[in-house]
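Have a look at the structure below, then the notes.
The values are calculated or read from the model by the stated rules, or taken from the named source; none is laboratory data. Note that the coordinates shown come from a computational prediction; the quantities given were computed from them, not determined experimentally. FYI the Cβ positions are ideal-geometry reconstructions off the backbone, even for glycines, and counts take in every protein chain you see. We work out accessible area using only protein heavy atoms, side chains counted, and drop any ligands, DNA or RNA first. Shrake-Rupley method; radii C 1.70, N 1.55, O 1.52, S 1.80 Å.
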Amino acid sequence: MPKKKKKRGNGEGTIYQEENGRWKGQITLGRDPQTGKLIRPAFHGNTRKDVANQIAEALDRHNKKTFVNPSKTTLEEWTTIWRSTSRIKENTWRGYETILRNHIFPALGHYPLSDLEKDPSKIQSFIIAMEKEPRKDGKIAKSLIKLRKEGQIAQSEVANALNIDLQTYCDWEKNLTRPNLKMIKDIIAFYDISTEDFPVFLSPATVIKAHRILHSILETAKRQQKMYSNPSDAKNLNLPAMDAEETQTLTNEQLDAFLEAIMEYRYFAGFYLLIGSGMRPGEMVALKWPLVDLRNRSVEVKETRTRVLNEDPDAKTKTKVINQSTKTKKSKRSLALAGRVTAALRLHRMLQRKEKLLAGESYIDKGYVFANAGGGPVEYRNFYRSFQACLTKCGIPHVKLYALRHTFATILLEEGEDLRVIQELLGHTDIRTTKIYTRVRRKLKEKAALKIDSHLRPKKKKKGVATT
């Protein structure tokens, strides 16, 4: 006789396989005292066993009166609560807020936490949409303006070529709306450029960062018993692979040209300090004279200067610049200064004192090493503009200011310095970060090519030696 299918006991719930191949289970844990409706939380997993284990744990929690009833609070509402209790720094929140406002909230912000927990596919759909839909951060608009101005083409001419009305095109350049994928292909064809020259999609790094932000928010909800499980766990999702990070450095020839030109610029000593000590640009602009010891050639790094969101509702600007503690505890460090860096700082201090005397009472000295004409801290953007102007004069392709820090690390690596020493100088907590910052430049590649070259020449046979 065939064995009868064993019937599940009362209260053990149900488990079944969904069309997508994943497993789902539900269990009844009484009634909601307010609505009278049955409390039937759902559980998801890749295998039947995963779901069965979740149900068993839920029953155990229910019996111990520690079960979490899924929250009806929306993701956007919960994020406001999460932000008020989190310890993230203001500059970190600035990046979070941008991704939340532009990507996460429009797609998921209106869903209750309970809905996201019941159906993790909503999060997977959000990840796929970020990868495949045109970006919304304004880079498409900036690229359209740049291409049009470089070609000295009128807006109406572009609109006619794309067979659209002028207002639609103007809205694209203002980032009020964005071209769809078909129109983007037409734009690429019109300007005869490659797809790599037109930033259509978000980078994998941005998508992964959005997932990490979402996971952090939902993990806090789980810890505070607003959810039973975190639907954004990576094991439940198909995430894009992270692209290898490409660091920017100056070649030896570019560095020589740059060092010859920087003496003509107001903040020449800042450039020397970045490339000669590996300091972060934010640490450099926050530096004050009491932390610089020119006699002993040392500097103490204790603060960084950064732009953050201005959360004052009456503020006239969306952002503000503040001084705050360094990025990590490891970033608070003491650095030894090279002789040329020390000499550049001495000359800079002498020029700064002359400027202070000439300005008289209008100069309010706040102790910054790199100050503006009034004695206050230099605006980072002004320092950056000066750097880009110098690159242009030298004929060097534009790179980020961080390229000077990367070049510092790479030179030390090429000179045989221990990686852990470089880690300490850069203020990295994890040595894996230091490995990303350092890259092999052409000089070492050429040395490697010379080593292999001798092995690629056929060996000449000695005369008089018999062969068999």
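Every residue in the range 238-270 that is open to solvent by less than 40 Å² (accessible area, probe 1.4 Å) and over 24 Å from the mean Cα position of the chain (by Cα), please.
LEU255, ALA257, PHE258, ALA261, ILE262, TYR267, PHE268, ALA269, GLY270
I need a count of the residues in the range 373-385 that are surrounded by 15 or more Cβ atoms within 10 Å (Cβ to Cβ), assigned to a loop (DSSP other than H, G, I, E, B) and not β-branched (Val, Ile, Thr). Talk me through it step by step, then tell me what you get.
Step one: list which residues in the range 373-385 are surrounded by 15 or more Cβ atoms within 10 Å (Cβ to Cβ), which gives 375, 377-378, 380, 383.
Narrowing further to those that are assigned to a loop (DSSP other than H, G, I, E, B): 375, 378.
Filter again for not β-branched (Val, Ile, Thr), leaving 375.
Adding up the residues that qualify gives 1.
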### Query
Residue check: is PRO231 touching a Pro at 6+ places or on another chain (Cβ under 6 Å) and open to solvent by less than 20 Å² (accessible area, probe 1.4 Å)?
yes
### Message
Suppose we filter THR306, THR319, THR326 for residues that are buried (at least 19 other Cβ atoms within 10 Å of the Cβ), touching a residue at least 24 places away in the same chain (Cβ under 8 Å) and not aliphatic (A, V, I, L, M); which single one remains?
### Response
THR306
### Query
Which residues, counting only those in the range 15-49, are closer than 22 Å to ASP60 by Cα, surrounded by 12 or more Cβ atoms within 10 Å (Cβ to Cβ) and under 37 Å from the mean Cα position of the chain (by Cα)?
TRP23, LYS24, PRO41, ALA42, PHE43, HIS44, GLY45, ASN46
### Query
Which condition breaks for ILE128 when tested against (1) crowded, with 18+ Cβ neighbours inside 10 Å; (2) within 22 Å of the chain's Cα centre (by Cα); (3) within 20 Å of THR206 (Cβ to Cβ)?
(1)
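Suppose the filter is modelled with pLDDT of 90 or more and either among the hydroxyl-bearing types (Ser, Thr, Tyr) or surrounded by 14 or more Cβ atoms within 10 Å (Cβ to Cβ) (or both); does LYS149 pass it?
Numbers: modelled with pLDDT of 90 or more: yes; either among the hydroxyl-bearing types (Ser, Thr, Tyr) or surrounded by 14 or more Cβ atoms within 10 Å (Cβ to Cβ) (or both): no.
Against the criterion (modelled with pLDDT of 90 or more and either among the hydroxyl-bearing types (Ser, Thr, Tyr) or surrounded by 14 or more Cβ atoms within 10 Å (Cβ to Cβ) (or both)), LYS149 does not qualify.
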### Message
Return the residues of the range 389-401 that are closer than 18 Å to ARG307 by Cβ and open to solvent by less than 80 Å² (accessible area, probe 1.4 Å); say none if nothing qualifies.
### Response
LEU401
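Is it the case, given these coordinates, that GLU12 is at pLDDT 80 or above and acidic (Asp, Glu)?
No: the conditions fail for GLU12.
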